[in-house]
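So the structure is just underneath, and the comments pick up after that.
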Amino acid sequence: MLRKKSKPIEGWAAAIEAAMRDKEQRPSGEGWRTSHELREDLGVGRAKFYATLRVMREAGRLEHFSGLVLIDAKLSRCEWYRLR
């Protein structure tokens with residue numbers, strides 16, 4: 001018995017990536033930077049950087065946003081910060 005040839009699904013990878021991108025949660029507005037970007041700008045080590053972040057957040061000088069970003073076809077949690 002002959003089987004019907006299945007039609008190739010064109011663009012299926014792009015469709016999956018588009019669906020994942022819809023689930024991303026990024027901050028709106030300007031001036032948001034990831035913790036990695038801020039740490040590179042300050043040029044300090046990890047421990048000193050996070051201690052500085054904690055002090056700035058407690059003082060109200062820093063806004064924080066937790067969201068999701070697509071990295072290597074996986075949704076990953078990401079933290080963004082913005083100076084007030």
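Structural remarks
- Residues satisfying the stated conditions in the stretch 50-84, i.e. among the charged types (D, E, K, R) and either within 27 Å of Asp22 (Cα to Cα) or touching a helix residue (DSSP H, G or I) at 6+ places or on another chain (Cβ under 6 Å) (or both): Glu63, Asp72, Lys74, Arg77, Glu79, Arg82
- Members of the stretch 19-34 that are modelled with pLDDT under 90 and of a type in the set (S, T, N, Q): Gln25
- Within the stretch 15-36, tally of residues that are surrounded by 12 or more Cβ atoms within 10 Å (Cβ to Cβ), more than 18 Å from His64 (Cβ to Cβ) and small (Gly, Ala, Ser): 0
The values are calculated or read from the model by the stated rules, or taken from the named source; none is laboratory data. Since we're looking at a predicted model, the values are computed, not measured. A quick note on method: Cβ atoms are made from the backbone with ideal geometry, for glycine too, and the neighbour counts reach across all protein chains shown.
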